[in-house]
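A quick write-up on the structure given underneath.
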Number of protein chains: 2
Amino acid sequence: MAKKSSLKIIFLGGLNEVGRNIMVLEKDNNIVVVDCGIMFPDDYLPGIDFLIPDFLYLKKNVDKIRALIITHGHEDHIGAIPFLFRDLKPAKIPIYATRLTLGLIKSKLSSSYFQESDDNSLLNEIDPSKKLHIGPFDMEFFRVNHSIPDGVGIIFRTDIGNIVHSGDFKFDQYPIDGKVTEYAKISNIGQEGVLALFCDSTNAEEKGFTVPERDVGKTLYEKFEQAQKRIIVATFSSHIHRIQQVLDAAKKLDKKVAASGRTMLKTIKIASELGYLKIPDDTVIPITKIDDFPLNKIVMLSTGSQGEPLSTLRKMALAEHPRVKIMKGDMVIISSSPIPGNENAISSTINMLLKQGADVFYESIAGVHVSGHAQQEEIKMMINLVKPYYFIPVHGEYKHRIQCAKLAQSIGMTNEKIIIAQNGDVLKMNDNLCRISGNITLQNIYIDGYGSGNTEDIVLKDRKILSRNGIIMINTIIDSKKSEVIKEADLTLKGIIYMEEFEQIMNEGREIISDAVKKCFDNNMTNTQLIENNIKETFEKFFSKKINARPVIVSRVIDLGKI
Amino acid sequence: MAKKSSLKIIFLGGLNEVGRNIMVLEKDNNIVVVDCGIMFPDDYLPGIDFLIPDFLYLKKNVDKIRALIITHGHEDHIGAIPFLFRDLKPAKIPIYATRLTLGLIKSKLSSSYFQESDDNSLLNEIDPSKKLHIGPFDMEFFRVNHSIPDGVGIIFRTDIGNIVHSGDFKFDQYPIDGKVTEYAKISNIGQEGVLALFCDSTNAEEKGFTVPERDVGKTLYEKFEQAQKRIIVATFSSHIHRIQQVLDAAKKLDKKVAASGRTMLKTIKIASELGYLKIPDDTVIPITKIDDFPLNKIVMLSTGSQGEPLSTLRKMALAEHPRVKIMKGDMVIISSSPIPGNENAISSTINMLLKQGADVFYESIAGVHVSGHAQQEEIKMMINLVKPYYFIPVHGEYKHRIQCAKLAQSIGMTNEKIIIAQNGDVLKMNDNLCRISGNITLQNIYIDGYGSGNTEDIVLKDRKILSRNGIIMINTIIDSKKSEVIKEADLTLKGIIYMEEFEQIMNEGREIISDAVKKCFDNNMTNTQLIENNIKETFEKFFSKKINARPVIVSRVIDLGKI
């Protein structure tokens, strides 16, 4: 019998972080990539919009790549696809995803400047009732519940054993679309035998089971019923089921729903066209028509549940929305929970809405949101269904994955069978053996505001120093032939605090610069760059001694003797 | 009968925010100031350490100020005292505070460069069993429970009615120091009649009652008992009762406690010298001695429970602490909850500690902290005890104070008797009447890293643009007499993303600048500043069109014709 080849699994993202999910499976020179998402920075990174995975490994092995499989349509799973396509050009990689996910990817690619229009041929629909065979991988998909419809987990059948990837999941016993997680498929593969389970850890710190989505619907209905004036519901545009419940509650109470926000309108269009969102008759109106109805008949659906600067809700809070001015008695429902880092933006949005007279319902004081990720009892149940030989927590910060590991231990898995991997780790799997066999060094790839640039660490460092300490530019005119300082240094300050003593300090600084230049001449130093450096260092030393601050110093010398 | 003078109450801070607490009472040309705190910025303010109140009103009315009364020793109540003293010089204002609070203020003033040493004569101890008479104010103090010992609320008896200020409070029925909130005093003034209650709103969103501090002690003891190796407890240095419970649990289990962190050591010293912290025999050791004991006998008390960059815990997490290297099995207890804005810093600290092998217990997964602020039932009880005619929620963001107002409504107060004031508002009170009669415009006073400077909004704006978009400096040498560009513009970039197209763009930019200068000459424009502006505007337009970015542009022109 021929020796079976091993399976390599490489994490290019999604570990040590929430977001940037991407996992590479490689066997017999065949690569299948699972998910390809972006991540929002958790530290303050000035000017940075998001991070994408480092695709270098995929670039180098582009000839092996057979498919990109996407579990669901959230940005942290699909957002980096245009960048992957850009980096792998001219190669074209087929994408496999369920229908809604595919719709969202299509819209993303068509609005992206990386993509030629004919690449839609690369988009293949996953039908979870059918199997998919690519190279050495026999794949089967099981539907899961999540905060976006059409999510799946993946079963990879290979000659060395079965691998299960949970996707982002939770269990909802009576979901809005009626599509309960396909427990039977999970249970069947568990009985067949599973070498390794890769499991969503995002909510591993949360006790118990997630509250069903329908309970949010009940709360929304109650609030809608109480509302005396207009209602504004802010939620994620991808949360189709939440939007469905808003529409349904409005319909029952004979209210009209007007959506606003670019992504909200786009997602509603895609989801309803594909049949994932059922828009009740006589319920949706354009935002331009809201003044044609009584105040208590209006529901607005908006973006901005995370306090995003340019979102509809933020504009309303700032009283800058062109159409909607908040009135006393308007009801605002923020139907989401804060993504870590956004707490202050959300709080300030709430404060401003309250000041304008709105009644605001949000997570701390009302049951208007439930999470899309499995909590502790669901994670344990997933493990008990799959009964894996190895357990590998994925998706989430280190602390989430450690908690997820503890859950596995709590139901009897031994420590040696639980693997806490890092981004870049290469897992090697043979029959009944799974171990970290190496690590690929990954770069942080930052995507800056203007889209095409990847920001480097050095630029970020510069920006941080600039922002904390400001900048001083020194222009000095000299004549090296005459060994003269022609004009005292010109100092320009930006981002530096004005202090009364400054005039005095700056005068002194100019003298010190002149002295430094003279000293250069005394030492027969006439190289412009050397003089520039000399000025920079001298001034830096002087300034930091004077006011204990370290701004960026830029020194330029004009040498008239050399013009 | 002579007409009674009205009482003015002015909020210079503490509303619309958590922190920067300060309230001014003014009657018959007598001013009493309550608290004088700092606030940490909630948005990202580059380089800013904290904000202080705008003292302009107090400067203008310095001759009327009779006293500064401090309710307790937290930074958001005492932190700005040195700045107040600096601004009111040469006037000297007597401070009144309880013993521990006074100890902390003394230490703050002695380490402050604003203060002459002889000003200790200004420090007066409040004995809560005694009344205090200053000008038209008869003051009585009632002890409250909080997350620092020795906190008080204040009763002001005036000829127009009684005013009650709750201070920062909660109710703890069996506090660590045995000093239960003085309910009788509060209840007595309630029976006497109260015109207005100013009430802590910080935790008005939290249901029920606060959990007693002793319950944290029990959890700490259990964790200490389980620990196989060293224990590190991070908490606020001012949380004397928490520290007491750490010491007591250690003593019972025959463990040794080593404190580290500058503020932690300082506060422990002050609190134990003043009798607020009882250090058990044979329990405390210097951090230099920890290696002399078995691992399971060591407890370290550290700062850094908010993930602060230079704190002991953060250094340990980064493996940069000079003495303590985290070992597998060390137990870290983060005994605090995140202050909004610090979530990510705390999470990353936890992640790093876990990676080094520590077991980490923190709020999401363990009962190792309780808050120091009254929750909903306690706030309602305070209102029912005081039975005020007017209710004015203070301390907290707008949303907290709105929630606090709703609590008052829920127990029967009518809307007209609840006042939601803003910073700068002037409340005017007469017999049975209280209304907002005006508003003083307040500036945000930012305190920058190097201490003495107050940063202005314009500097912050510059810093933000610098950090997001970087800066381009343009140096151009011309000769206006000859109408010539002597040397093509020199462009220096900082904090700007490098792109392949840049060289091309910069070359084009230099040409455009030369053209702009020539156009100036053609129009007989020779004023250097006008030419500089012209270059700036031309380049700005060109660059934003090219790469859709808006860096700061600084343009300097050297005119050889004018030297």
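The values are calculated or read from the model by the stated rules, or taken from the named source; none is laboratory data. These numbers were taken from a predicted model, which means no experiment stands behind them. Reconstructed Cβ throughout: ideal geometry from the backbone, glycine too, with neighbour counts over all protein chains shown. Calculation scope for accessible area: heavy atoms of the full protein, side chains included, ligands and nucleic acids excluded. Shrake-Rupley method; radii C 1.70, N 1.55, O 1.52, S 1.80 Å.
Some points to look at:
- B:ASP359 being within 14 Å of chain A (Cβ to nearest Cβ), without any contact (Cβ under 8 Å) to a residue 40 or more places away in the chain and among the acidic types (Asp, Glu): yes
- Of all residues in the stretch A:397-417, those being aliphatic (A, V, I, L, M) and within 14 Å of another protein chain (Cβ to nearest Cβ) number 3.
- Pairs, first assigned by TED's automatic domain parsing to the domain that holds B:ASN415 and open to solvent by 10 Å² or more (accessible area, probe 1.4 Å) in the stretch B:387-399, second in a helix (DSSP H, G or I) and among the polar types (S, T, N, Q), C-beta under 7 Å, six or more apart: B:GLU397/A:SER347; B:GLU397/A:ASN351; B:TYR398/A:ASN351; B:LYS399/A:SER347; B:LYS399/A:ASN351
- Single match in A:ASP431, A:ASP457 (criterion: modelled with pLDDT under 85, under 29 Å from A:TYR390 (Cα atoms) and either open to solvent by 70 Å² or more (accessible area, probe 1.4 Å) or in contact with an Asp or Glu (Cβ under 7 Å, 6 or more places away or on another chain) (or both)): A:ASP431
- Flag if A:VAL257 is open to solvent by less than 20 Å² (accessible area, probe 1.4 Å), touching a Ser or Thr at 6+ places or on another chain (Cβ under 8 Å), more than 20 Å from A:GLU308 (Cβ to Cβ) and not assigned by TED's automatic domain parsing to the domain that holds A:HIS77: yes
- Neighbours by Cβ (under 6 Å, 6+ apart or cross-chain): first from the stretch B:406-427, in the same structural domain as B:GLU17 (by TED's automatic domain parsing) and in contact (Cβ under 8 Å) with a residue 24 or more places away in the chain; second assigned to a strand (DSSP E or B) and among the hydroxyl-bearing types (Ser, Thr, Tyr): B:LYS417/B:TYR390; B:VAL426/B:SER437
- Residue that is surrounded by the most Cβ atoms within 10 Å (Cβ to Cβ), among those in the stretch B:474-518 that are within 11 Å of chain A (Cβ to nearest Cβ) and within 11 Å of B:PHE539 (Cβ to Cβ): B:THR476
- Considering residues of the stretch B:519-556 that are away from chain A (no Cβ under 11 Å) and basic (Lys, Arg) only, the residue farthest from A:ARG463 (Cα to Cα): B:LYS519
- Tally of residues being open to solvent by 10 Å² or more (accessible area, probe 1.4 Å), in contact with a helix residue (DSSP H, G or I) (Cβ under 6 Å, 6 or more places away or on another chain) and under 21 Å from B:ASN162 (Cβ atoms) across the stretch B:400-426: 2
- Taken as a whole, the condition of being in a strand (DSSP E or B) and either among the β-branched types (Val, Ile, Thr) or within 12 Å of another protein chain (Cβ to nearest Cβ) (or both) does not apply to A:ASP462.
- Of all residues in the stretch A:512-563, those that are assigned to a helix (DSSP H, G or I) and among the aliphatic types (A, V, I, L, M) total 9.
- Within the stretch A:397-433, the set of residues being in a helix (DSSP H, G or I) and either in contact with a strand residue (DSSP E or B) (Cβ under 6 Å, 6 or more places away or on another chain) or of a type in the set (Asp, Glu) (or both) comprises A:ARG401, A:CYS404, A:ALA405, A:ALA408, A:GLU416, A:LYS417.
- For the stretch B:4-39, filtered to residues that are open to solvent by 10 Å² or more (accessible area, probe 1.4 Å) and basic (Lys, Arg), the residue that is modelled with the lowest pLDDT is B:LYS4.
- No other residue among A:SER348, A:SER364 is touching a residue at least 40 places away in the same chain (Cβ under 8 Å) and either in the same structural domain as A:GLY13 (by TED's automatic domain parsing) or assigned to a helix (DSSP H, G or I) (or both) apart from A:SER348.
- Residue check for B:ALA366: at pLDDT below 95, surrounded by fewer than 22 Cβ atoms within 10 Å (Cβ to Cβ) and over 23 Å from the mean Cα position of the chain (by Cα): yes
- Just one of (1) of a type outside the set (Val, Ile, Thr); (2) in the same structural domain as B:ALA234 (by TED's automatic domain parsing); (3) farther than 26 Å from A:SER347 by Cβ; (4) surrounded by fewer than 24 Cβ atoms within 10 Å (Cβ to Cβ) fails for B:LEU353. It is (4).
- Any hit, the stretch B:334-352, residues being more than 29 Å from B:ILE22 (Cα to Cα), in contact with a His (Cβ under 9 Å, 6 or more places away or on another chain) and hydrophobic (A, V, I, L, M, F, W, C): yes
- A single entry from A:LYS223, A:LYS251 fulfils the requirement of being out of contact with any Pro (no Cβ under 6 Å at 6 or more places or on another chain) and open to solvent by 10 Å² or more (accessible area, probe 1.4 Å): A:LYS223.
- Test: residue in the stretch B:321-330 that is more than 12 Å from chain A (Cβ to nearest Cβ), among the acidic types (Asp, Glu), closer than 24 Å to B:ARG262 by Cα and open to solvent by 50 Å² or more (accessible area, probe 1.4 Å): no
- Subset of the stretch A:148-182 [under 26 Å from A:LYS278 (Cα atoms), open to solvent by 20 Å² or more (accessible area, probe 1.4 Å) and not β-branched (Val, Ile, Thr)]: A:GLN173, A:TYR174, A:ASP177, A:GLY178, A:LYS179, A:GLU182
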